[in-house]
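Presented below is the structure to which this report refers.
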2 protein chains.
Amino acid sequence: METLRERKKQRTREALLRVAIELFTTRGYERTTVDDIADAVGVSQRTFFRYFAGKEDAALALDAMTVSNFVDSVRARPPHEPPLEALRLAVLEGWDTLHEVVESVVPVERFLGMYRVIESTPVLLAAHLRRSAEAEEVLTRVLAEREGLDPATDPRPRLLVAVFSGVMRVTERQWSTDGEFSLEAMRALTVSHLELLGPALTGKWSPYTKT
Amino acid sequence: METLRERKKQRTREALLRVAIELFTTRGYERTTVDDIADAVGVSQRTFFRYFAGKEDAALALDAMTVSNFVDSVRARPPHEPPLEALRLAVLEGWDTLHEVVESVVPVERFLGMYRVIESTPVLLAAHLRRSAEAEEVLTRVLAEREGLDPATDPRPRLLVAVFSGVMRVTERQWSTDGEFSLEAMRALTVSHLELLGPALTGKWSPYTKT
DNA sequence: TTGTCAATTGTCAGCGGCTGTCACTAGCCT
DNA sequence: AGGCTAGTGACAGCCGCTGACAATTGACAA
């Protein structure tokens, strides 16, 4: 049981986030001012900045939730799995549990909408990529510990994570630009791209047939 | 022979860029205002924005030069080379020819300094990553054409480029945080990391010994 | 309950990045 | 020399964001 103050804070934050996402996905990110959001919620602009580090922060809040959900999944993978396999299964697990993670704030639909906004807004995409880079750092440490390696001296965990993230980045991007914009589609793309990882590296590219 | 107007424009732009880099590397990016730069050059703030799309743009101008130099190198690789090998050799070529590309504006030393600024300034790092993503798109098209593939339907060129870029990103980062901050060190790191690409993916990580 | 303390908020002022506008200056060209 | 145009400066203004301070509101004990 929480205090009234905490509940109020929670409600304000969620209201701000919900309105922000609503406006970003309808009007667009750049065409939405912080004042718009604050006014729609009925708080001062200053209050918005007390809940979010910046406009970006609100736009990427959902993304941050899914990322930390994914990282948690990686941590929870059984230690006997090879690292790449653990990442692969964790990311699929992440998609499967996305509802529970996101739905507490907005319907999954809105999440997908925000994804398109992020991909199509340069400044948001940039911020998203930087956060992904930070996540890579965390994943590197997790994997290194799993395997008993020191990430400061052994570059291999970091390299693996970078390669994996590169594939996921391609997947994200194709997903957001494709017409098929569902979680199932994302899942299928993930599987397909990771299967292509090995063959794509050889450079002996046999004719490609869609699966 | 160019007209006087064009020479003047060129000089103004270079002056702005030089001063910007000077201030960014000494005072730091955030602690340098556009007014500082404009005043130091002796032009109005408005003029700065006529030469650069933003403060970021000036900070990443050198980086943009090296990127396009690298892309050109890839285009010039003999077509019989496997894609990954073409990328590998092109990036090494890029480091070797960096002097000629950059020295026309500032000494290579300053370039290295700006690199550290970029890596340590969140907003710059974000912008840098986004530009890298754009470069990946270009490289994808170049490689796809080399191999006679259609990047719209065949994800393999894009995947290869993403993997390669991931490795280079790790290399950049380690380079910028290592003490050894020379082009030779960067070259060595590049070679070493690309050699580790295959072994790092297997996940059967034998004890690591530095080369 | 009531009074005190701490947390939350609103208001105001201000900085810095960035843009539109418009008049003015300086190079170009005949 | 004089008209044309590219480039510049000056000004006003929007927006993101921050610090400071006062006002309000919930928490908690007397």
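Derivation of every value follows stated rules applied to the coordinates shown; laboratory data play no part. Since this is a predicted model, take the numbers as computed values, not measurements. For neighbour counting, all protein chains shown are included, and Cβ atoms are generated from backbone atoms with ideal geometry for every residue, glycine included.
I'd like the mean, over residues of B:189-199, of how many other protein chain beta carbons sit within 10 Å of each residue's own Cβ.
2
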Highest mean first, what order results for B:109-120, A:31-42 on Cβ atoms within 10 Å? B:109-120, A:31-42
C-alpha center-to-center spacing [the range A:62-127, the range B:1-59] in angstrom: 41 Å
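What average count of beta carbons from other chains do you get within 10 Å of the Cβ of residues in B:167-176?
Mean partner shielding for this stretch: 3.
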Using 1/(1 + (r/R0)^6) with R0 = 45 angstrom and r between the beta carbons of B:ASP36 and B:ARG75, what's the FRET efficiency to the nearest 0.05? 0.70
Along Cα→Cβ, 7 Å out, is where each label goes; now give me the distance between the ones at B:LYS8 and A:SER104 in nm to one decimal. 6.3 nm
To make sure I understand the rule: partners must be aspartates and glutamates, Cα under 17 Å from the Cα of B:LYS210, and not fewer than 8 residues away in the same chain. Which ones qualify? A:ASP150, A:ASP154, B:ASP178, B:GLU180, B:GLU184, B:GLU195
Copies of B:ALA76 compared via label points 7 Å along Cα→Cβ give distances in nm, shortest first, of 5.3
Relative to a virtual label point 7 Å from the Cα of A:SER206 in the Cα→beta-carbon direction, which members of the range B:163-201 show backbone nitrogen distances below 17 Å? none
Can you list, shortest first in nanometers, how far B:ALA188 lies from the same residue in the other copies, with each label 7 Å from Cα toward Cβ? 5.0
Please give every one of the lysines within straight-line cross-link reach of A:LYS9, meaning a C-alpha to C-alpha distance under 30 Å, and leave out same-chain neighbours fewer than 8 residues apart. A:LYS55
In this structure, the FRET efficiency calculated for A:VAL138 and B:ARG50 from their beta-carbon separation, with R0 = 35 Å, to the nearest 0.05, is 0.25
Within 10 Å of each candidate Cβ there may be at most 16 other Cβ atoms; applying that plus a DSSP loop requirement, which GluC sites (Glu not before Pro) in the range B:4-57 survive? B:GLU30
Treating the point 7 Å from Cα along Cα-beta-carbon as the label, what are the nm separations from A:ALA15 to the other copies, to one decimal? 5.4
In chain B, which whole DSSP H runs stretch at least 27 Å along their own axis (Cα) and average 0.5 or higher on the Kyte-Doolittle scale? B:183-202
Per DSSP helix of 4 or more residues, -39500 (n - 2.57); summed, then divided by the residues of chain B. What does that give at 222 nm, rounded to the nearest 500? -24500 deg cm²/dmol
Ignore the peptide's own chain and count Cβ atoms of other chains within 10 Å of each Cβ in B:128-136; give me the average, rounded. 4
With a point put 7 Å past each Cα toward its Cβ, work out how far B:ALA152 is from A:VAL43 in nm, to one decimal. 4.6 nm
